[in-house]
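The values are calculated or read from the model by the stated rules, or taken from the named source; none is laboratory data. Just so it is clear, the structure is predicted and the values come from calculations on it, not from any experiment. Note that each Cβ is placed from the backbone with ideal geometry, even for glycine, and that neighbours are counted across all protein chains shown. Just so you know, the surface numbers come from the protein's heavy atoms only, side chains and all, with ligands and any DNA or RNA stripped out. Shrake-Rupley method; radii C 1.70, N 1.55, O 1.52, S 1.80 Å.
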Amino acid sequence: MKSPSEYTTKVPQSLTAVTDPKALRSLPASALPSLAADIRRYLVATVCASGGHLGPSLGVVELTIALHRVFRSPRDSVLFDIGHQAYVHKLLTGRQTGFTRLRQASGLSGYLSREESEHDVIENSHASTALSYADGLAKARALAGEGDRAVVAVIGDGALTGGMAWEALDNIAASPERPVIVVVNDNGRSYAPTTGALAAHLAELRSRHPGSAPAGNVFAAHGLAYLGPVDGHDIPALETALRQARALARPVVVHTVTVKGRGYAPAEAHEADRFHAVGVLDPATGLPPPTATLPVQPRSWTAVFGQELLDLATERPDVVAVTASMLRPTGLHPMAVRHPDRVFDVGIAEQHAVTSAAGLALGGYHPVVAVYATFLSRAFDQVLMDVALHRLPVTLVLDRAGITGPDGPSHHGMWDISLLAPVPGLRLAAPRDATRLKELLREAVTVDDGPTALRLPKATVGPDVETLARMDGLDILHRSAGRPLDVLLIAAGPTAQPAVEAARILEDEEGIGCTVADPRWIVPISPALLHLTARHRLALTLEDGSRTGGFGSLLAQACADAAVTTPVRSLGLPRTFLPHGSRAALLADAGLDADGITTAVLRARTDFTTYDVTPATDPVNGARRPR
């Protein structure tokens, strides 16, 4: 264990000299072990200060050093499959000082970013994609007569559980004239230990003596050259293998064996995920800093879901669960402990997860598929054709829906409503608080004639927003007494609390009568919501998802179809890739806090026919309403 003084956010002297990969290549081999140790200490200090993906980065220090000493980035292209393992790459490509603002607004991205560096070739942070990028890039190099420019793809054993990686390998192996180098970073884990037959095969390969015959090797059977296993923490051995791979001038797999969390005892001892992703920690202990004792410890939406699903599964033996390599992050771990035979981890394979769930439903079970909202797009065809077309009772629980915060554009779960809204027969719920989450989950698993979905934010669950009355499935949360029915605020999910706050401001300070309604099920639009909308002079929908094709668009279309003339305006997330930052700040930027909602209502009331609602910080329409 290091002392606190050894973990500092000051860039170590050995690293300041590495201004780019060329400077790294000029270092003598004798300087590399101390450089690797300094990088680890700096990673621990900076990531513990801001949060981020620590364990994966600690595991690839020597591998990244070797890659940048053997290959000449950016002329040679080094592609990392997702950015979890790319922090060391950032440090070696001139971004050391920026680590003090890692994942903070206007600071360094927690993933790869083409805007940050010419050395970042791709920035998509959805797993199992790098080999396809490499295949296409190698084809482009060949067409341009630049076959001397190496194409290297670094992919983890966890990401190899994704089917897309094998689609790419099938193409790479079939083209011996395009020498893609595939570096398998094998640490036996993604978030948790890698599962499936491939994991067992890689474990068997790890047990072989380096350089042994490739008999029974799945990569060699595909026609790929195979080098390894190589100690992923031995820089000379790594450099030798990588140079040999380049010299082969054909598609080759370099199998490196690493330890996730290497060199930081708290991470290596962390059984759950080896500090895969951490919040703010004390670097000396690996524990969160002490905070004031709270009478009730806050819980995440994920934790509330996990406990309620466990209760449901205990009551109902037909309830099963499916995850795509995210047992703990999506809340399924409690159920897996109690009912291990009814929780299925299929690896990083969302398409397979959904269609496998369809098979479970065909067999008489009610599967709950827990997946991040941002990853749902990978399985849209399966939701549409394999589940909905067959009217199968599958429940999707979409974790981290809406703004996720510091993970940035690839991880904001803002497109799920737009994706799911057109699916025939699908019902989508947006719980506003913990009580409604439990209630709606139980309703979802009673549906037996088609798919259901629930969207949950990445946040701490606040206090319940109480119901004044329930009207045909709608919850009325606020109603101005003795005032005209001026404005109806229709709040989807966690926008309910700021909607109630805005309604009180409008009522008390502006004299505007407001009703706040939570539709609970936002897809499809209920007849009761149309009736309520028709009774008001203006309706404003609120959603922490994309406005394009979102809940507001659905309500406006339904009103038009039903000849409801009440103007409907929508407030939601813009049609753009949103940057990283805090969840609260990004929601406020989109006008989805109480002040932004108030401003939107006042603007919309000035001209019902021409004035659309835009984010409160829109430069054309002016600043936020002064308070």
Looking at the range 396-406, is at least one residue basic (Lys, Arg), modelled with pLDDT under 95 and not in a helix (DSSP H, G or I)? no
Could you check, for the range 323-343, whether at least one of its residues is open to solvent by 30 Å² or more (accessible area, probe 1.4 Å) and of a type in the set (S, T, N, Q)? no
Going residue by residue through the range 213-236, is there one that turns out to be out of contact with any Ser or Thr (no Cβ under 8 Å at 6 or more places or on another chain), touching a residue at least 60 places away in the same chain (Cβ under 8 Å) and either among the acidic types (Asp, Glu) or farther than 27 Å from Ser57 by Cα (or both)? yes
Only listed residue being part of a loop (DSSP other than H, G, I, E, B), open to solvent by 10 Å² or more (accessible area, probe 1.4 Å) and of a type outside the set (Ser, Thr, Tyr), chosen from Glu271, Glu239: Glu271
Do any residues in the range 515-535 that are under 24 Å from Val445 (Cα atoms) and among the small types (Gly, Ala, Ser) have Cβ atoms under 8 Å from those of residues that are in a loop (DSSP other than H, G, I, E, B) and open to solvent by 10 Å² or more (accessible area, probe 1.4 Å), where the two are at least six apart or on different chains, and which pairs are they? Ser526/Asp472; Ser526/Gly473; Ala528/Asp472; Ala528/Gly473
Scan the range 1-25 residue by residue and report those that are loosely packed, with under 11 Cβ neighbours inside 10 Å and at pLDDT 95 or above. none
The range 548-585: number of residues that are in a helix (DSSP H, G or I), modelled with pLDDT of 95 or more and of a type outside the set (Phe, Trp, Tyr): 10
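Can you tell me which residue in the range 110-168 is nearest to the chain's Cα centre (by Cα), limited to those that are on the phi < 0 side of the Ramachandran plot and among the polar types (S, T, N, Q)?
Among residues in the range 110-168 that are on the phi < 0 side of the Ramachandran plot and among the polar types (S, T, N, Q), the one nearest to the chain's Cα centre (by Cα) is Ser125.
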Filtered residues of the range 98-153 (kept if among the polar types (S, T, N, Q) and at pLDDT 90 or above): Ser117, Ser128, Thr129, Ser132
Could you count how many residues in the range 182-212 are without any contact (Cβ under 8 Å) to a residue 24 or more places away in the chain and hydroxyl-bearing (Ser, Thr, Tyr)? 2
How many residues of the range 558-574 are exposed (fewer than 13 other Cβ atoms within 10 Å of the Cβ) and on the phi < 0 side of the Ramachandran plot? The answer is 3
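Looking at the structure I just gave you, is Gln244 without any contact (Cβ under 8 Å) to a residue 24 or more places away in the chain and open to solvent by 20 Å² or more (accessible area, probe 1.4 Å)?
yes
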Which residue pairs have Cβ atoms under 9 Å apart, sit 6 or more places apart or on different chains, and have a first residue in the range 368-385 that is open to solvent by less than 10 Å² (accessible area, probe 1.4 Å) and a second that is assigned to a helix (DSSP H, G or I) and aromatic (Phe, Trp, Tyr)? Ala370/Phe305
Against the condition open to solvent by 20 Å² or more (accessible area, probe 1.4 Å), farther than 19 Å from Leu542 by Cβ and at pLDDT 95 or above, how does Thr610 come out, does it pass? no
Just one of (1) under 28 Å from Leu137 (Cα atoms); (2) in a helix (DSSP H, G or I); (3) not charged (D, E, K, R) trips up Ala37, so point out which. (1)
Select from the range 285-310 the residues that are among the hydrophobic types (A, V, I, L, M, F, W, C) and open to solvent by 60 Å² or more (accessible area, probe 1.4 Å) and write down the one among them that is modelled with the lowest pLDDT. Ala292
Here are Pro266, Pro251, Pro236, Pro290: which of them is over 30 Å from Leu440 (Cα atoms) and touching a Pro at 6+ places or on another chain (Cβ under 8 Å)? Pro251
Just for the range 408-426: of the residues that are assigned to a helix (DSSP H, G or I) and in contact with a strand residue (DSSP E or B) (Cβ under 9 Å, 6 or more places away or on another chain), which one is surrounded by the most Cβ atoms within 10 Å (Cβ to Cβ)? Ile417
At least 2 residues that are surrounded by 15 or more Cβ atoms within 10 Å (Cβ to Cβ) in each: list the strands (runs of 3 or more DSSP E) lying fully within the range 427-491 that qualify. 427-429, 452-455, 474-479, 487-491
Scan the range 41-52 and tell me whether some residue there is under 19 Å from His580 (Cβ atoms), assigned to a loop (DSSP other than H, G, I, E, B) and touching a residue at least 24 places away in the same chain (Cβ under 8 Å). yes
Can you tell me how many residues in the range 65-107 are open to solvent by 20 Å² or more (accessible area, probe 1.4 Å), in contact with an Asp or Glu (Cβ under 9 Å, 6 or more places away or on another chain) and in a helix (DSSP H, G or I)? 2
